[in-house]
1. State to the nearest 20 debye the size of the charge dipole of segment 28-71 about its Cα centre, where the only charges are +1 on K and R beta carbons and -1 on D and E beta carbons.
2. Points 7 angstrom from Cα along the Cβ direction at residue 2 and residue 54: gap in nanometres?
3. Could you give the length gained by full extension between residue 32 and residue 46, i.e. 0.36 nm per residue of separation minus their alpha carbon distance, to one decimal place?
4. For segment 107-123, in order, what is each residue's ³J(HN,Hα) by Karplus, 6.51 cos²θ - 1.76 cosθ + 1.60 with θ = phi - 60°, in whole Hz (x at glycine and Pro)?
5. By its C-alpha gyration tensor, with a ≥ b ≥ c as the square roots of the eigenvalues, how is segment 15-56 shaped: rounded for a/c under 1.5, else prolate for a/b larger than b/c, else oblate?
Amino acid sequence: MDNLRKTGNYLNGVKDELPFPHRFVASDLYKVMEGAAYLLTLEKDLALEHTMDSIIDLIGNAQEEDGYLYEAHTTGVSASHEHWGGAGMGDKPYSWVVHSHELYNMGHMYEGAVAYYLATGKDKWLKIAEKKCTSYKPCLF
């Protein structure tokens, strides 16, 4: 979550440290959130829902205007790592999808967003995911 918060701050001109370069830390968060959403289908938990909504706000704040969402490229921290294509992230958006995990992260976000929508009826995260999809031209929905 910290990388998302720092990316949102970067996009909004708030002075903060840059996120650490990592290919799939966001996907781990999205998977945990998906699991939490499935828990919400079994039992309503307002505290968990509130936590999820707060994290979804962080995700939305870290998203670029055109829908792009990958902290390392948004903030430029991948460019500081010359080995392995910017620490395995490529040097620009979608430049090395075979290793960058951009699409992997995207898939986990979609799964989590759908699960949360089905559990709560809230579509904020779903709209973030849909906007993210439009930033990647081969996306099909």
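Values in this text are rule-based calculations from the coordinates and carry no lab data. Computed from a prediction, not measured in an experiment: that's the story for all the values here. Backbone-built Cβ (ideal geometry, glycine too); neighbour counts: all protein chains shown.
1. Details: 2 positive and 11 negative charges, 49 e Å.
So the dipole magnitude of segment 28-71 works out to roughly 240 debye.
2. Using points 7 Å along Cα→Cβ, the separation is 1.6 nm.
3. 3.3 nm
4. Calculated HN-Hα couplings, in order: x, 5, 5, 4, 4, x, 5, 5, 4, 5, 4, 5, 6, 10, x, 7, 10 Hz.
5. Oblate, since a/c reaches 1.5 and b/c is not below a/b.
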